[in-house]
Amino acid sequence: MNSDPSSVLAERMLREGRISPALANAALDRHRTAGDRFEEALIECGLPESMLLRHLAEMFGTKFISTKTLQGASVPRAALQRLSQRLAERYQVVPLRFAEDETLTVVAGDMSNPELLENVRVAAGARQVKGLVARPAAVQAAIAKLYRGDGAAFGRIGSLEDGGIPEHQEGSRNRRAARVQLHVPQDQRRHRCGTPP
C-alpha cells in the first residue's frame, strides 16, 4: 500500500467509485508536478468543490463546510482562544464554536488521521471535539484570516464551483467561463491540469 496521503486518498476514492480513473490520474499528476494538495488538484481538474466536499464528508462520516460559508463564518473569540495559532497551523484546523457543554467544533482540511480530533481535544482542553471537513486551502485561508487578520486570504484561493479561479480575478464573464469549463472533455481537462501536452 502506498504511504503518500494523496495516493491513499486517490486509491480510496477510486475504490469507492467517487472519481474516475482519468480524473484521479490527472489530479495526481498535478499534485506531483505542481505540488498542489490532491483535493485542490481535483478541483483544478474540474471536480466541483461541492462534490469533493460531499465525497469527503461521506468518507469520513462527518459534515462539510464550503469555502464561501467558511469565509463568512463569524467565529467567537472564545472558540479561537481554545487553540493557539501555532496549534491551528500544526493540525490544520480552525475552531468554529465552543459550546457550554465544552464541545469544540472545528473544521479540518484533512480528516484522514484518526487521531486528529483527539489531539485537538487534548490541546484545546475540551470535553469532546466535533470535526467538519473543508477544502485544505479554505482551512489555510481561515487560519490566515482569523489568527493573522489577513482579510484577503480567501481571495487568493478559488471559490465554490469556479475550478480554481481566485476571487479577485473573477468577473461575471470569468465565472460563466469557469462553469462552462467544468464540462470540457476529459482529455482537455488533463491538459488544463498541467499535465504535459
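The values are calculated or read from the model by the stated rules, or taken from the named source; none is laboratory data. What you are looking at is a predicted structure, and each value in this text was computed from that prediction instead of being measured. Neighbour counts run over all protein chains shown; Cβ positions are idealised from the backbone, glycine included.
A compact table of results
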| item | result |
| --- | --- |
| Condition broken by residue 73, with the remaining ones in (1) in the same structural domain as residue 139 (by TED's automatic domain parsing); (2) touching a residue at least 24 places away in the same chain (Cβ under 8 Å); (3) touching a Lys or Arg at 6+ places or on another chain (Cβ under 9 Å) satisfied | (3) |
| Residue identified as of a type in the set (Gly, Ala, Ser), touching a Leu at 6+ places or on another chain (Cβ under 9 Å), touching a residue at least 40 places away in the same chain (Cβ under 8 Å) and part of a helix (DSSP H, G or I) among 22, 41 | 41 |
| Evaluation of residue 14 against (1) touching a residue at least 12 places away in the same chain (Cβ under 8 Å); (2) surrounded by 15 or more Cβ atoms within 10 Å (Cβ to Cβ) (one fails), failing number | (1) |
| Selection status of residue 52, closer than 19 Å to residue 112 by Cα, among the hydrophobic types (A, V, I, L, M, F, W, C) and at pLDDT 90 or above | yes |
| Number of positions in region 49-68 that are more than 16 Å from residue 140 (Cβ to Cβ) and polar (S, T, N, Q) | 2 |
| Flag if residue 46 is over 15 Å from residue 141 (Cβ atoms), in contact with a helix residue (DSSP H, G or I) (Cβ under 6 Å, 6 or more places away or on another chain) and touching a residue at least 12 places away in the same chain (Cβ under 8 Å) | yes |
| Single match in 128, 81, 85 (criterion: in contact (Cβ under 8 Å) with a residue 60 or more places away in the chain and more than 24 Å from residue 43 (Cβ to Cβ)) | 85 |
| All positions within region 44-63 that are surrounded by fewer than 17 Cβ atoms within 10 Å (Cβ to Cβ) and touching a Ser or Thr at 6+ places or on another chain (Cβ under 8 Å) | 50 |
| Selection count where residues are hydrophobic (A, V, I, L, M, F, W, C) and outside any helix (DSSP H, G or I), scope region 1-19 | 2 |
| Residue check for residue 88: outside the structural domain of residue 43 (by TED's automatic domain parsing), touching a Pro at 6+ places or on another chain (Cβ under 9 Å) and surrounded by 15 or more Cβ atoms within 10 Å (Cβ to Cβ) | yes |
| Any helices (runs of 4 or more DSSP H) falling wholly within region 96-197 and containing at least 1 residues that are out of contact with any helix residue (DSSP H, G or I) (no Cβ under 6 Å at 6 or more places or on another chain) and at pLDDT 95 or above | 116-124, 136-148 |
